[in-house]
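Have a look at the structure below before the remarks.
Every read-out reported here was derived from the displayed coordinates using simple, explicitly stated rules and does not represent laboratory data. A quick note: this is a predicted structure, and the numbers were derived from the prediction, not measured. In this analysis, Cβ positions are derived from the backbone assuming ideal geometry, glycine residues included, and neighbour counts consider all displayed protein chains.
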Amino acid sequence: KQEVTQIPAALSVPEGENLVLNCSFTDSAIYNLQWFRQDPGKGLTSLLLIQSSQREQTSGRLNASLDKSSGRSTLYIAASQPGDSATYLCALGGGGKLIFGQGTELSVKP
Amino acid sequence: NAGVTQTPKFQVLKTGQSMTLQCAQDMNHNSMYWYRQDPGMGLRLIYYSASEGTTDKGEVPNGYNVSRLNKREFSLRLESAAPSQTSVYFCASSPASLGTGSVWQYFGPGTRLTVT
């Protein structure tokens, strides 16, 4: 059974720092991996999607990588801003469904 | 475009009551999904519909029923609500079924349900 783990559960950083969020999974048989952002009391917004054949995707200050052999994905946020404060979730697509991690709650302090 | 819309936004039920959560999308997507989100548990798939007229169970289907009314609408029904069903419910849609390629899922704003 696929299990998805995100560590740490919460992270607080000063504005301007570069940071990395981690997502690990137990089964490398995946179709794709998505990173989402969730603001308090809101729905989920898709940030990046990496196909299983790809190693990374970039969008603005965000860069997501995928290493299936080690069962890991990272989300790199450059030059963090207070507006980046939110919960970030990774989700693995495969077998007809998405399996989510528990999320990392990020707080960027001015 | 409104994207994915859900009604109601908030609901309080007593144990044993029934209700239907509504979801609609205007993106002409084939697939629709219902998730629940609980603290510390992430999102878990309740039911999904790969196309109009088909539905399948997800990870936590017990206590729920769904209807894919047409391509736009996918409803979730609680026949006899229990306190364990207190959660935030999200509807999502995507252009194609999971596992068939690189497709995005688009989420609604959620319904916050409390069962007392």
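Couple of notes before you dig in:
- Exclusive hit being within 26 Å of B:Gly58 (Cβ to Cβ), within 15 Å of the chain's Cα centre (by Cα) and free of Cβ contacts under 8 Å to residues at least 60 places away in the same chain, set A:Leu48, A:Leu33, A:Leu89: A:Leu48
Per-residue answers, yes or no, for (1) aliphatic (A, V, I, L, M); (2) surrounded by 12 or more Cβ atoms within 10 Å (Cβ to Cβ):
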position: B:Gly16; (1), (2): no, no
position: B:Ala24; (1), (2): yes, yes
position: B:Asn28; (1), (2): no, no
position: B:Tyr35; (1), (2): no, yes
position: B:Asp38; (1), (2): no, yes
position: B:Leu43; (1), (2): yes, yes
position: B:Tyr48; (1), (2): no, yes
position: B:Gly53; (1), (2): no, no
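- Residue within segment B:77-85 that is under 27 Å from A:Ile50 (Cβ atoms) and touching a residue at least 40 places away in the same chain (Cβ under 8 Å) present: no
- Residues that are within 12 Å of another protein chain (Cβ to nearest Cβ) and assigned to a loop (DSSP other than H, G, I, E, B) within segment B:18-46 comprise B:Pro39, B:Gly40, B:Met41, listed in sequence order.
- Selection of segment A:96-110 for residues being touching a residue at least 12 places away in the same chain (Cβ under 8 Å) and either under 17 Å from B:Gly58 (Cβ atoms) or surrounded by 21 or more Cβ atoms within 10 Å (Cβ to Cβ) (or both) yields A:Leu98, A:Ile99, A:Phe100, A:Gly101, A:Gly103, A:Thr104, A:Leu106.
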